[in-house]
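Rule-based calculations on the coordinates, nothing more; no lab input. These numbers were taken from a predicted model, which means no experiment stands behind them. Methodologically, a virtual Cβ is constructed for each residue, glycine included, from the backbone with ideal geometry; neighbour enumeration extends over all protein chains shown.
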Amino acid sequence: ERSVIEDEINDLCVRFGMKSQLSWGGDKRRRISIFVSKYDHCLWELLLRQRAGELDCEIAMVISNHEKLRHVADTFDIPYHVFPITKDNKLEQELKQISLIEQHNVDLLVLARYMQILSPSFCSRFQNQIINIHHSFLPAFRGGSPYHKAHERGVKLVGATAHY
């Protein structure tokens, strides 16, 4: 029952000095935008799960900093938008992304191996609306090629983590 879940979450928050916001889905399906860079496995997984009815949402678009995965979005008839990012144009490109997201009334941004650090202003604009999905190697294997580093150290099992 919802009231029991809400009460238990509130008790945990008081106990650990945390804040929470619980939203019950209701009748409206969430509109999401998936952010990706060059690696396709997370994008494929999300799109296949959504098509199978396991991910109850409407995927409004895919946003990338590379052209490389357009064919994946095209397979699912999902609009694909590219914003090439350099250190010189990052903030300008983020403003364009924000405009596009707002035009399409997106509720949630899913970072699925998006290999860019979002600016504080971007994160503030979409506070509690961004979820980051990545491997669970952090903090043990930071930087580029964490899978290779883990393999070299003998890691046999890899998990995933997601956080707002």
Gyration tensor on Cα atoms of the range 13-94, a ≥ b ≥ c root eigenvalues, a/c under 1.5 rounded, else prolate if a/b beats b/c, else oblate, says oblate
Between V14 and L91, what is 0.36 nm times their sequence separation minus the Cα-Cα distance? Round to one decimal in nm.
23.9 nm
Looking at this model, which pairs from K28/K87; K38/K149; K19/K96; K28/K68; K68/K96 are more than 26 angstrom apart at the alpha-carbon?
K28/K87; K19/K96; K28/K68
Take E152 and K28, extend 7 Å from each Cα along the Cα→Cβ direction, and tell me the distance between the two endpoints in nm.
4.9
Given labels modelled 7 Å from the Cα in the Cβ direction, how far is it in nm from V82 to I117?
2.6
